[in-house]
1. Would you be able to say whether some residue in the stretch 307-322 is of a type in the set (S, T, N, Q), on the phi > 0 side of the Ramachandran plot and modelled with pLDDT under 90?
2. Take the residues of the stretch 446-485 that are touching a residue at least 60 places away in the same chain (Cβ under 8 Å) and open to solvent by 60 Å² or more (accessible area, probe 1.4 Å): which is nearest to SER426 (Cα to Cα)?
3. Mind listing whichever residues of the stretch 493-515 are open to solvent by 60 Å² or more (accessible area, probe 1.4 Å) and either in contact with a Lys or Arg (Cβ under 9 Å, 6 or more places away or on another chain) or in a strand (DSSP E or B) (or both)?
4. Among the residues of the stretch 73-93, what is the count of those that are under 16 Å from ARG122 (Cα atoms) and in contact with an Asp or Glu (Cβ under 9 Å, 6 or more places away or on another chain)?
5. Return the total of residues in the stretch 99-117 being among the small types (Gly, Ala, Ser) and farther than 15 Å from LEU185 by Cα.
6. I'd like to check which helices (runs of 4 or more DSSP H) are fully inside the stretch 17-84 and have at least 1 residues that are β-branched (Val, Ile, Thr) and under 17 Å from ASP6 (Cα atoms).
7. Within the stretch 466-493, count every residue that is closer than 14 Å to LEU439 by Cβ and hydroxyl-bearing (Ser, Thr, Tyr).
8. Any residue at all in the stretch 186-200 that is among the basic types (Lys, Arg) and open to solvent by 50 Å² or more (accessible area, probe 1.4 Å)?
Amino acid sequence: MVRIYDTDPTVLRSLANTNIKVTVELTNEELPLAAADQNNFALQWVQSNVKAYYPATLINGVTVGNEVFKEASQLNSQLVPAMKNVQAALAKLGMADAVKVTTPIAFDALNPSFPPSAGTFRDDIALSVMSPMVDFLQQTGSYLMVNFYPYLAYLATPGMSIDYLLFRPNNGVLDTGSGQTYFSLFDAQLDAVYYAMEKLPSSSMHVGGMRKLTAGGGTPEVHHGEEGHPNKGHGGVGTPQNAQDFMAGLTHQVLQGNSGTAAANGHRPLTASAVRGTPHRPNADLNVYIFALFNENNKPEDDQDFGLFYPNQQPVYPNPIDFVHGGTSGGPLQPSYCVANAAVGDAALQAALDFACDNRDGNRADCSAIQPGQPCFEPDTKLAHASYAFNDYYQKNGRVKSACDFSGAGTIVNQAPSGACDPSPSWCVANAAVGDTRLQAALDYACGPGAANCTDIQPGARCFDPDTKVAHASFAFNSYYQLRGRATGTCDFAGAGIIVQQAPKIGNCVLPSTA
């Protein structure tokens, strides 16, 4: 399924006979005409933009406007009338069952939104717009579409764990109103919307001033019209690795389910048999449109970097997402390094070295270790210094292919370069004080799909002995930590991991300081 933000004929024709379901948009600019419906505008629009392409193009939804409350609040009062007129047009053309009408709202339509049980729609839209809209969606068998960007709440909430944002193991956040503990911001935000809908009065279903809850939930489903994480910028939270971790966790949750109940150790089991949905709605299905397929280089800078691919079709993430099974594909992450290509000559290496070490924007290499008298100055050659700087830049930028280009002066390799200098090695080991239960939960996460390579701690393998939770978790934590370039937060594991500067030895197994 894909969602587009207009009814571009070229796009709709290209999607014909593909078996891809398509949601199209009646734009904010067209909304007043649809609401007034002078000269049967809604009927003509549906005829020209939906029926003309259906069923060769499997249009299954029409979004009326996009984030109207935020982008065009002067149209608030016209939103539900426009939705009703589009629905009536679909019904007249015999398409009301196949094509559902909804509208995407931004998550900031809620205030407050935390804790989830306190979720409430803003006063300026709750009774006037949201209550009749939810009635309409319920009566037509449609759904409310909400655009979620959890990283915005993370940036606005000092002290929030990045693990809570990125679907990593964490201690959870208690909703004191409901008594439920949430282990992902995704769950918390979705439940906040469900709670907000339940508080709306309804003309058709009213008990004690609130919507009557039934076995089916009593409110329409919530579909995620946009769910994304930046791969660049945004206060440092936007990196290819963070975006990959977010998307892998999101995909795993939608495809396999890991909500509903929490394990006694405070971490949800990542198993296919876990309940789908959320703590408040454990039986709810999860429907998510990922934002977006491509980085959009013609948008304003803050909106460019949300794609799975660059405009040239190269993947953004270090490891591709497995959209069939959840998580990342291709097994555990493979280590990779960026080294200098001697064939380009010293002049080209120096130019690339100058670029890599120009760290005024904070996103390039830290070249202090290759200055005279520093631990990685020797050997004093362009090749050695460039290899150090290129690799630091490459690891810092999420090991994306473009971060090891340097106009042909860089080359990606999968073996740690011989004699590579590490001025400050570190390792991630298990914190025995948290106990075996929490260590096991974190170990399961570290060895999960697309995470660490844990084959060496299986029975009979070289690091199986000693067969203890601390030893196995130390191996897995360190593998995870090194594979992610020792990035900040990758040795947390909800307090189960500790960074050390002395090389640890677990039985006969020496933990490496590189991936």
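The values are calculated or read from the model by the stated rules, or taken from the named source; none is laboratory data. Given the structure is predicted, the values throughout are model-derived calculations rather than measurements. Backbone-built Cβ (ideal geometry, glycine too); neighbour counts: all protein chains shown. Ligands, DNA and RNA are stripped out before the accessible areas are found, and what is left, the full protein with its side chains, is counted by its heavy atoms. Shrake-Rupley method; radii C 1.70, N 1.55, O 1.52, S 1.80 Å.
1. yes
2. For the stretch 446-485, the residue satisfying everything is ASN453.
3. ILE498, ILE499, LYS505, ASN508, VAL510 - these are the residues of the stretch 493-515 that are open to solvent by 60 Å² or more (accessible area, probe 1.4 Å) and either in contact with a Lys or Arg (Cβ under 9 Å, 6 or more places away or on another chain) or in a strand (DSSP E or B) (or both).
4. Total meeting the criteria: 2.
5. Residues in the stretch 99-117 being among the small types (Gly, Ala, Ser) and farther than 15 Å from LEU185 by Cα: 2 in total.
6. 41-46, 68-71
7. Here the count works out to 3.
8. So far as the stretch 186-200 goes, yes, one or more of its residues are among the basic types (Lys, Arg) and open to solvent by 50 Å² or more (accessible area, probe 1.4 Å).
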